[in-house]
Amino acid sequence: MSSNDDQIAQAESRLGVRFPADYRTFLATGGSVSRFVLSADDFLMINAIEELVDVNEAGDIHERFPGGVVIGRDGDREMLTYDFRQEPPALFLLDNSAQDWSAAIHQATLLTTLLEQFPEHGWNWDDQEPATQ
């Protein structure tokens, strides 16, 4: 098992989830992103594996968003969050001041899809479809 695989397994254990396969692959290849995407006119940040546990423990994420795991941000107030209450877990944006899932804005079912579409579309701000309660 590689060092990244060990870190992924440790993060999954601490967070009580099994990451989707495409996200595990992203992390295993040293995946993280922090950049302004000019074509989308949006900022995209996806945390490195070393940051995941601290990010999720620092913001009372599990209390406010049961089943939620924050994996990134929009560079401002919005947190890119997996909703592990559903299978497969989908990705949502949540304002860091939100108290529950009612304010969730659906982004994509797969991280791969989000990353492929992001340069053209950026964040989805119009889809106010709340996550399943």
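Okay, here's what the table says:
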{"item": "Check on Leu38, under 20 Å from Ala90 (Cα atoms) and of a type outside the set (Ser, Thr, Tyr)", "result": "no"}
{"item": "Subset of region 87-109 (residues that are under 13 Å from the mean Cα position of the chain (by Cα), crowded, with 17+ Cβ neighbours inside 10 Å and not in a strand (DSSP E or B))", "result": "Pro89, Ala104"}
{"item": "Subset of region 56-65 that is surrounded by 17 or more Cβ atoms within 10 Å (Cβ to Cβ) and in contact (Cβ under 8 Å) with a residue 24 or more places away in the chain - its residue that is nearest to Gln10 (Cα to Cα)", "result": "Asn56"}
{"item": "Any chance Glu87 is touching a Lys or Arg at 6+ places or on another chain (Cβ under 9 Å) and either over 19 Å from Asn124 (Cα atoms) or polar (S, T, N, Q) (or both)", "result": "no"}
{"item": "Qualifying residue in region 56-65 (condition: in contact with a His (Cβ under 9 Å, 6 or more places away or on another chain) and farther than 14 Å from Leu115 by Cβ)", "result": "yes"}
{"item": "Strands (runs of 3 or more DSSP E) lying entirely in region 1-86 (those with 3 or more residues that are of a type in the set (A, V, I, L, M) and under 15 Å from the mean Cα position of the chain (by Cα))", "result": "42-46, 68-73"}
{"item": "Residue within region 115-133 that is closer than 25 Å to Ala11 by Cα, surrounded by 15 or more Cβ atoms within 10 Å (Cβ to Cβ), under 11 Å from the mean Cα position of the chain (by Cα) and of a type in the set (A, V, I, L, M) present", "result": "no"}
{"item": "Criterion: at pLDDT below 95, touching a helix residue (DSSP H, G or I) at 6+ places or on another chain (Cβ under 9 Å), farther than 13 Å from Trp123 by Cβ and crowded, with 16+ Cβ neighbours inside 10 Å - qualifying residue of Val69, Val53", "result": "Val53"}
{"item": "Pairs where the first residue, in region 66-86, is within 16 Å of Ile8 (Cβ to Cβ) and the second is of a type in the set (Gly, Ala, Ser), C-beta under 6 Å, 6+ apart", "result": "Phe84/Gly67"}
{"item": "Residue match in region 13-23 (condition: polar (S, T, N, Q) and surrounded by 14 or more Cβ atoms within 10 Å (Cβ to Cβ))", "result": "no"}
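The values are calculated or read from the model by the stated rules, or taken from the named source; none is laboratory data. For clarity, every value in this text was computed on a predicted model and none was experimentally measured. FYI the Cβ positions are ideal-geometry reconstructions off the backbone, even for glycines, and counts take in every protein chain you see.
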